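Here is the structure we will look at, set down as structure tokens.
What follows is calculated from the coordinates using simple rules that are stated; it is not laboratory data. These numbers were taken from a predicted model, which means no experiment stands behind them. Note that each Cβ is placed from the backbone with ideal geometry, even for glycine, and that neighbours are counted across all protein chains shown.
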Amino acid sequence: EQNKLAQLVNKIKNKEIEQQLFVEQIKNKLKVKSSKNVENPKLDITLKMEGVVVEYKGKRELNKAEEKKEIEKEINKYLKSEVEDILKKLQQLMIDPVGFGEYFRMHHQGKWTEELTKKVIESVEYNVNVEFKILNTGTLK
């Protein structure tokens, strides 16, 4: 999916190094795989993203491949944590605005009830994987 979204502002503290990134997201792809089991609901969520670092403030030299890979790892870790936090909050609130319950309903034999939806929402186990790739960079400070 090709779109230009609001910039992702990311502050990363890693090994006493504070960095700030401004990233424009260029492409994103979401893949969701369900265990299809209402009794033991699990979802594998893979978010693949590509973006342009439009501004970077930090000690790393992003024109070096190994430094760029380290930043990508840190962005992946940061975004994974953010997604997991959001999913946990939604689970605590017992809401499913994304419609993840649908991944179980469509494989369920028999009548789907509101109770089954609640059961899935409160007990689903998420496995989140984020793969962010820097396409290129802009201003580096």
Practice item. Could you calculate the FRET efficiency of Lys69 with Glu102 from 1/(1 + (r/R0)^6), where r is the beta carbon distance between them and R0 is 35 Å, rounded to 0.05? Key: 0.45
Practice item. Which order do the peptides 87-98, 125-136 take when ranked by the mean count of other beta-carbon atoms within 10 Å per residue, highest first? Key: 125-136, 87-98
Exercise for review: Starting from the coordinates of the alpha-carbon atoms of region 29-97, obtain the Kirkwood hydrodynamic radius over all distinct pairs and give the value in Å to one decimal.
Suggested key: 14.8 Å
Check your understanding: Using a Förster distance of 25 Å, how high is the FRET efficiency between Lys48 and Glu115, based on the Cβ-Cβ distance and rounded to 0.05?
Key -> 0.10
